[in-house]
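> Please read through the structure below; I'll follow up with questions.
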Amino acid sequence: MTRLGLALALLVSGSAFGQGFGGKLILTGGVSQLEGAAGGGLTPWAVIGGYGSRDQIGANAWYSRVDVDDYTLDAFGLMAGFYDRLELSYARQEFDTRAIGAALGLGRGFTFEQDVYGAKLKLLGDAVLDQDRWYPQLSLGVQHKRNRQGAVVRAVGAEDDSGTDVYLSATKLYLAQSLLVNGTLRYTEANQIGILGFGGDQGSGSLEVEGSLAYLLTRKLALGAEFRTKPDQLSIADEDLWWDVFLAWAPTRHVSLTLAYVDLGNVVVADQRGAYLSVQVGF
């Protein structure tokens, strides 16, 4: 099965799994983050994915593509939310080096592949319902990542081909102002979110900061921005923060589309800027 075929199969399976469920407001469950968690495109939020309420199960299936100057990143996966308390997710990432692969001696179109297994637990609060309380919804999450090109990432200086990120997210929705605010603290050893392995000759883990801001233009359309700091652990190339400006549209409760301008900073050879596109089907 081709990569696109598998992505479409995941979307169809996600539709079937979630049929008949749904108890949340449109867009309040976020979209699918590149590593599989519910949130923005770059960073997770504290919300639990899917449209299931406290006595329901929800599910999402998604496909995303990042196309920047010298690389492309394809990612797709499944996510399930259980009773608005627990989220489980899986993501597959494929990072195509295109012509840069040949320049680095890896071969044109050499692709780094990574699997990400995620879990998120809501600790307290409700981003939507707790409008009369000052504190946000808080969730604790983990993302275990396994890079399939272990020999290559070690050759560029990484210490390992697998690692586990741990993060704490806080999300607050101000309905009267149509504004969603999210902040995330993440401990990670990942180089370029794990695409270049974990740890390196300049470090082996650090606490990083991520943030999202989204304004609801209408009930179905949101405009926002995100940023994500990352560790700089490999001497072969500096690693910069990522940021984007996005527009998310949910024409129905079951489908959302996200388009963004994304800046990934330096990725091995040069700064990388371009477009991000994501489609999600969920219930």
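The values are calculated or read from the model by the stated rules, or taken from the named source; none is laboratory data. This is a predicted model, so every value here is computed, not measured. Cβ atoms come from the backbone with ideal geometry, glycine included; neighbour counts cover every protein chain shown.
> Being modelled with pLDDT of 95 or more and either hydroxyl-bearing (Ser, Thr, Tyr) or farther than 22 Å from Phe227 by Cβ (or both) is the filter here; which residues of region 258-280 pass it?
Those that are modelled with pLDDT of 95 or more and either hydroxyl-bearing (Ser, Thr, Tyr) or farther than 22 Å from Phe227 by Cβ (or both): Thr258, Tyr261, Tyr276, Ser278, Val279.
> Do we find that Gln114 is touching a helix residue (DSSP H, G or I) at 6+ places or on another chain (Cβ under 6 Å) and of a type in the set (S, T, N, Q) in this structure?
Values: touching a helix residue (DSSP H, G or I) at 6+ places or on another chain (Cβ under 6 Å): yes; of a type in the set (S, T, N, Q): yes.
It is true that Gln114 is touching a helix residue (DSSP H, G or I) at 6+ places or on another chain (Cβ under 6 Å) and of a type in the set (S, T, N, Q).
> I've got another one for you. Any chance region 111-134 includes a residue that's of a type in the set (Val, Ile, Thr), modelled with pLDDT of 95 or more and surrounded by 14 or more Cβ atoms within 10 Å (Cβ to Cβ)?
Of region 111-134, the ones of a type in the set (Val, Ile, Thr) are 111, 116, 128.
After this cut, where a residue has to be modelled with pLDDT of 95 or more as well, the list is 111, 116.
Remaining after also requiring surrounded by 14 or more Cβ atoms within 10 Å (Cβ to Cβ): 111, 116.
There is at least one residue in region 111-134 that is of a type in the set (Val, Ile, Thr), modelled with pLDDT of 95 or more and surrounded by 14 or more Cβ atoms within 10 Å (Cβ to Cβ).
> Restricting to region 83-108, what's the tally of residues that are at pLDDT below 95, among the hydrophobic types (A, V, I, L, M, F, W, C) and surrounded by fewer than 17 Cβ atoms within 10 Å (Cβ to Cβ)?
Residues in region 83-108 being at pLDDT below 95, among the hydrophobic types (A, V, I, L, M, F, W, C) and surrounded by fewer than 17 Cβ atoms within 10 Å (Cβ to Cβ): 4 in total.
> Another question about this same structure. Within region 121-135, does at least one residue satisfy the condition of being polar (S, T, N, Q) and either assigned to a loop (DSSP other than H, G, I, E, B) or touching a helix residue (DSSP H, G or I) at 6+ places or on another chain (Cβ under 8 Å) (or both)? Walk me through it before giving the result.
Just the residues of region 121-135 that are polar (S, T, N, Q), to begin with: 131.
In the following step, the residues that additionally are either assigned to a loop (DSSP other than H, G, I, E, B) or touching a helix residue (DSSP H, G or I) at 6+ places or on another chain (Cβ under 8 Å) (or both) were identified as 131.
Yes; the residues of region 121-135 include at least one that is polar (S, T, N, Q) and either assigned to a loop (DSSP other than H, G, I, E, B) or touching a helix residue (DSSP H, G or I) at 6+ places or on another chain (Cβ under 8 Å) (or both).
> Which residue, of Leu213, Leu207, Leu247, is modelled with pLDDT of 95 or more, of a type in the set (A, V, I, L, M, F, W, C), surrounded by fewer than 20 Cβ atoms within 10 Å (Cβ to Cβ) and more than 25 Å from Thr258 (Cβ to Cβ)?
Values: Leu213 fails: more than 25 Å from Thr258 (Cβ to Cβ); Leu247 fails: more than 25 Å from Thr258 (Cβ to Cβ).
Going through Leu213, Leu207, Leu247 in turn, just one is modelled with pLDDT of 95 or more, of a type in the set (A, V, I, L, M, F, W, C), surrounded by fewer than 20 Cβ atoms within 10 Å (Cβ to Cβ) and more than 25 Å from Thr258 (Cβ to Cβ): Leu207.
> Which ones in region 135-154 are among the hydrophobic types (A, V, I, L, M, F, W, C) and either surrounded by 14 or more Cβ atoms within 10 Å (Cβ to Cβ) or touching a residue at least 12 places away in the same chain (Cβ under 8 Å) (or both)?
Going residue by residue through region 135-154, those that are among the hydrophobic types (A, V, I, L, M, F, W, C) are 138, 140, 142, 151-153.
The answer is Leu138, Leu140, Val142, Val152, Val153.
> For the structure I just gave you, tell me whether Arg273 is surrounded by fewer than 17 Cβ atoms within 10 Å (Cβ to Cβ), closer than 29 Å to Leu27 by Cα and either in contact (Cβ under 8 Å) with a residue 40 or more places away in the chain or not β-branched (Val, Ile, Thr) (or both). If you could, list the steps in order and put the result at the bottom.
Details: surrounded by fewer than 17 Cβ atoms within 10 Å (Cβ to Cβ): yes; closer than 29 Å to Leu27 by Cα: yes; either in contact (Cβ under 8 Å) with a residue 40 or more places away in the chain or not β-branched (Val, Ile, Thr) (or both): yes.
So Arg273 fits the description; yes.
> While we're here: Taking only region 155-202 into account, find how many residues are in a loop (DSSP other than H, G, I, E, B), closer than 20 Å to Asp240 by Cα and among the acidic types (Asp, Glu). I'd like the intermediate steps shown before the answer.
Restricting attention to region 155-202, the residues satisfying the condition of being in a loop (DSSP other than H, G, I, E, B) are 156-159, 161, 178, 189, 191, 195-197, 199, 201-202.
Filter once more, keeping what is closer than 20 Å to Asp240 by Cα: 156-159, 189, 191, 195-197, 199, 201-202.
If we keep only those that are among the acidic types (Asp, Glu) as well, we get 159, 189, 201.
Total meeting the criteria: 3.
> Return the pairs, sorted by first residue and then second, in which the second residue is among the polar types (S, T, N, Q) and in a loop (DSSP other than H, G, I, E, B), the first residue lies in region 29-50 and is within 11 Å of Gln280 (Cβ to Cβ), the beta carbons are less than 9 Å apart, and the residues are 6+ apart or on different chains.
Going by the 9 Å Cβ cut-off, the qualifying pairs are Gln33/Thr43; Gly41/Gln33; Gly50/Gln56.
> When you look at Arg108, is it touching a residue at least 12 places away in the same chain (Cβ under 8 Å), basic (Lys, Arg) and over 28 Å from Ser178 (Cβ atoms), yes or no?
Details: touching a residue at least 12 places away in the same chain (Cβ under 8 Å): no; basic (Lys, Arg): yes; over 28 Å from Ser178 (Cβ atoms): yes.
For Arg108, the condition - touching a residue at least 12 places away in the same chain (Cβ under 8 Å), basic (Lys, Arg) and over 28 Å from Ser178 (Cβ atoms) - is not met.
> Quick check on Gly23: is it modelled with pLDDT under 95, closer than 23 Å to Ile195 by Cα and in a loop (DSSP other than H, G, I, E, B)? I'd like the intermediate steps shown before the answer.
Values: modelled with pLDDT under 95: yes; closer than 23 Å to Ile195 by Cα: no; in a loop (DSSP other than H, G, I, E, B): yes.
The answer is no for Gly23.
> Listed residues Pro231, Pro251; which is touching a residue at least 12 places away in the same chain (Cβ under 8 Å) and part of a strand (DSSP E or B)?
Details: Pro231 fails: part of a strand (DSSP E or B).
When all the criteria are applied, what remains is Pro251.
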